[in-house]
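The values are calculated or read from the model by the stated rules, or taken from the named source; none is laboratory data. Please read these numbers as outputs of a predicted model, since none were measured by experiment. No Cβ is skipped: glycine too gets one built from the backbone with ideal geometry, and neighbour counts run over all protein chains shown.
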Amino acid sequence: MNIHEYQAKALLKSFGAPVAEGVAIFSADEAEAAAKQLPGPLYVVKSQIHAGGRGKGKFKELPPEAKGGVRLAFSIDEAKAYAREMLGNTLVTKQTGPAGKQVNRLYIEDGADIDRELYLSILVDRAVGQVSFVVSTEGGMDIETVAHDTPEKIINVAIDPEAGVTAANLAELTAALKLDGEAKADAEKLFPILYKAFVEKDMSLLEVNPLIVMKNGRMRVLDAKMSFDGNALFRHEDVVALRDTTEEDEKEIEASKYDLAYVALDGNIGCMVNGAGLAMATMDIIKLYGAEPANFLDVGGGASKEKVTAAFKIITADPAVKGILVNIFGGIMKCDVIAEGVIAAVKEVGLQVPLVVRLEGTNVELGKKIINESGLNVISADDLDDAAQKIVAAVKGA
């Protein structure tokens, strides 16, 4: 689960991190009152969407020369004008795709005199099995560009979970960021705070880009992006309360109601699979044969008939889907349950696109029998390779 920048900063502030004063607004009429709460005379008006690259983004409804989704205002009147221009319009960035995202919230923040921009993130480094800091002196840029062009400027520092952030870790981090004086002292206080927030709130990502050194030598969190482990949200009601469903795909929201692991993608072959590894393999082989998956959908190991029916309905609700591949290896999951769920869903929503079903494992013969005797126009497959070739051919033939 992701949250907005202003929410992330409020959370970090509660842990003691240095952030600027700011006010979130939801209508242009609130802009003047919000700006008057800040010291000024420089105000930063920031679009609040769940995507990066806001500053370089462009609004669909505005002329190409219009400023992006993060703007500097040098007066309250200018902040008000920007609020009127940005709210309700669609911001397109590298991360939103061409469809963009509608800006429904703004964050008006006190400006800062920036001397240096740094990059910092904390994430779970699966290569070492620990939480790691990732830092770079090249803040304010796309970290992917830095990684591609100058990978030596990105430093990883893994944190021992028993020891926490040690003096040795801090020395390595501050040296990597070339910090000294007050900035170094601030960093030595800030980095353990960020780590504490990450661990206690079960985050999967905390990104601060940029983390700035101001002209007075002090450090400040200038931007903040947070993602949380969905499996741990049950113990963080305060975080769940920050969820903005308008920023999420409707199909993903529906899937979450049934505890389905679903991620919408850009292709045209819908996938229903049990097990994350098998789902990844299914998507890979679809691409191998020249097509693109429309989704990642893992129904899990113990899905019920109702859960499978819901999954199928979610797939068919996507207008981009031109074919469906059901690929089930029954261990805990029984093939007959999958078959019954597919039949129930087809009878309820209809079948307008080719459907290939590959079943293997527990109760596979019963599952195939149920499918074969259903009267449905289903293409059966013997194995994953066969299934992928058949659904790709069916979609291209259609």
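Residues that are touching a residue at least 60 places away in the same chain (Cβ under 8 Å), part of a loop (DSSP other than H, G, I, E, B) and not β-branched (Val, Ile, Thr) within region 42-56 comprise Leu42, His50, Gly52, Gly53, listed in sequence order.
For region 312-326, indicate whether the set of residues that are of a type outside the set (D, E, K, R), touching a Pro at 6+ places or on another chain (Cβ under 6 Å) and touching a residue at least 40 places away in the same chain (Cβ under 8 Å) is non-empty.
The first filter runs over region 312-326 and keeps only residues of a type outside the set (D, E, K, R), leaving 312, 314-317, 319-321, 323-326.
Next, from what is left, pick out any that are touching a Pro at 6+ places or on another chain (Cβ under 6 Å): 323.
Among the residues that remain, those that are also touching a residue at least 40 places away in the same chain (Cβ under 8 Å) are: 323.
Taking every residue of region 312-326 in turn, at least one turns out to be of a type outside the set (D, E, K, R), touching a Pro at 6+ places or on another chain (Cβ under 6 Å) and touching a residue at least 40 places away in the same chain (Cβ under 8 Å).
Given the options Val131, Val165, Val157, Val135, name the one that is in contact with a Lys or Arg (Cβ under 9 Å, 6 or more places away or on another chain), surrounded by 18 or more Cβ atoms within 10 Å (Cβ to Cβ) and either free of Cβ contacts under 8 Å to residues at least 60 places away in the same chain or of a type in the set (Val, Ile, Thr) (or both). Write out each step before concluding.
Values: Val131 fails: in contact with a Lys or Arg (Cβ under 9 Å, 6 or more places away or on another chain); Val157 fails: in contact with a Lys or Arg (Cβ under 9 Å, 6 or more places away or on another chain); Val135 fails: in contact with a Lys or Arg (Cβ under 9 Å, 6 or more places away or on another chain).
That would be Val165, the only listed residue that is in contact with a Lys or Arg (Cβ under 9 Å, 6 or more places away or on another chain), surrounded by 18 or more Cβ atoms within 10 Å (Cβ to Cβ) and either free of Cβ contacts under 8 Å to residues at least 60 places away in the same chain or of a type in the set (Val, Ile, Thr) (or both).
Can you pull out the helices (runs of 4 or more DSSP H) entirely within region 240-322 that have at least 2 residues that are over 26 Å from His50 (Cα atoms) and modelled with pLDDT under 85?
On the way: elements: 250-257, 276-288, 305-316.
Those helices (runs of 4 or more DSSP H) span 305-316.
Results for (1) crowded, with 21+ Cβ neighbours inside 10 Å; (2) in contact (Cβ under 8 Å) with a residue 40 or more places away in the chain; (3) among the basic types (Lys, Arg); (4) assigned to a helix (DSSP H, G or I), shown as yes or no for each residue.
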| residue | (1), (2), (3), (4) |
| --- | --- |
| Lys13 | no, no, yes, yes |
| Pro39 | no, yes, no, no |
| Pro64 | no, no, no, no |
| Gly68 | no, no, no, no |
| Leu72 | no, no, no, no |
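When you look at Leu242, is it touching a residue at least 12 places away in the same chain (Cβ under 8 Å) and exposed (fewer than 15 other Cβ atoms within 10 Å of the Cβ), yes or no?
Details: touching a residue at least 12 places away in the same chain (Cβ under 8 Å): yes; exposed (fewer than 15 other Cβ atoms within 10 Å of the Cβ): no.
Considered against the rule, which asks whether it is touching a residue at least 12 places away in the same chain (Cβ under 8 Å) and exposed (fewer than 15 other Cβ atoms within 10 Å of the Cβ), Leu242 comes out as no.
Note on region 80-124: among residues that are outside the structural domain of Lys56 (by TED's automatic domain parsing) and under 17 Å from the mean Cα position of the chain (by Cα), the one that is surrounded by the most Cβ atoms within 10 Å (Cβ to Cβ) is Ile122.
Of all residues in region 384-398 being modelled with pLDDT of 90 or more and surrounded by fewer than 16 Cβ atoms within 10 Å (Cβ to Cβ), which is farthest from Lys287 (Cα to Cα)?
Going residue by residue through region 384-398, those that are modelled with pLDDT of 90 or more are 384-395.
Subsequent filtering for residues that are surrounded by fewer than 16 Cβ atoms within 10 Å (Cβ to Cβ) retains 385-386.
Details: Asp385: 12, Asp386: 14 Å.
Restricting to residues being modelled with pLDDT of 90 or more and surrounded by fewer than 16 Cβ atoms within 10 Å (Cβ to Cβ), the top hit is Asp386.
When every residue of region 54-69 is checked against the conditions, none turns out to be at pLDDT 95 or above and in contact with a helix residue (DSSP H, G or I) (Cβ under 6 Å, 6 or more places away or on another chain). Scanning region 346-368 for residues that are of a type outside the set (A, V, I, L, M, F, W, C) and surrounded by 14 or more Cβ atoms within 10 Å (Cβ to Cβ) turns up Pro354, Arg358, Glu360, Gly361, Thr362, Asn363, Gly367, Lys368. Looking only at residues in region 74-98 that are out of contact with any Pro (no Cβ under 9 Å at 6 or more places or on another chain), in a loop (DSSP other than H, G, I, E, B) and not basic (Lys, Arg), the one that is nearest to Ala33 (Cα to Cα) is Leu87.
Report yes if Phe234 is of a type in the set (A, V, I, L, M, F, W, C) and in contact (Cβ under 8 Å) with a residue 24 or more places away in the chain, otherwise no.
On the way: of a type in the set (A, V, I, L, M, F, W, C): yes; in contact (Cβ under 8 Å) with a residue 24 or more places away in the chain: no.
So Phe234 fails the test.
Return the residues of region 369-383 that are assigned to a helix (DSSP H, G or I) and surrounded by 17 or more Cβ atoms within 10 Å (Cβ to Cβ); say none if nothing qualifies.
Ile370, Ile371
When Lys60 is tested against the conditions (1) surrounded by fewer than 18 Cβ atoms within 10 Å (Cβ to Cβ); (2) closer than 30 Å to Ile159 by Cα, the lone failure is (2).
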